[in-house]
Amino acid sequence: MCGLCGVLQAEHWSDAAGTADGAVPRQARLRRAALVSAVLAPRRARAADWEGAKLRLTTATGRVELADTLADLWHRADRLVGPLDPLDPELLDRLDDAA
């Protein structure tokens, strides 16, 4: 998605109603937050659904920020806990082991 569409669109494309596996949007959002938390775990941060409308980012120091979209959450996480590489081989191995 281009940046302009991201600005004009009220919700992120990843929040679209209905999913390939039939999960309702809330279930999909909870699953997405759990996966993001697994990626953030080495930085002692986590993500959670907040009122079905936003994502809540919590750091080990207790700092909390709300993000409107998944892309917004990644920007906030980069700022609060440092840059994250979702393609880091160690991270991918850890996620494979957890699955």
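Bear in mind that the values in this text are calculations on the coordinates, not laboratory data. Every value quoted in this text rests on a predicted model; they were computed, and no experiment measured them. So basically every Cβ, Gly included, is an ideal-geometry build from the backbone, and we count neighbours across all protein chains shown.
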Subset of the stretch 39-78 (residues that are closer than 21 Å to residue 28 by Cβ, free of Cβ contacts under 8 Å to residues at least 40 places away in the same chain and polar (S, T, N, Q))
58
Those strands (runs of 3 or more DSSP E) completely within the stretch 28-69 that have 3 or more residues that are surrounded by 14 or more Cβ atoms within 10 Å (Cβ to Cβ) and among the small types (Gly, Ala, Ser) are 45-50
It is to be established whether one or more residues within the stretch 79-89 are in contact (Cβ under 8 Å) with a residue 12 or more places away in the chain, in contact with a His (Cβ under 7 Å, 6 or more places away or on another chain) and assigned to a helix (DSSP H, G or I).
no
Any residue at all in the stretch 78-87 that's touching a Lys or Arg at 6+ places or on another chain (Cβ under 7 Å) and exposed (fewer than 12 other Cβ atoms within 10 Å of the Cβ)?
yes
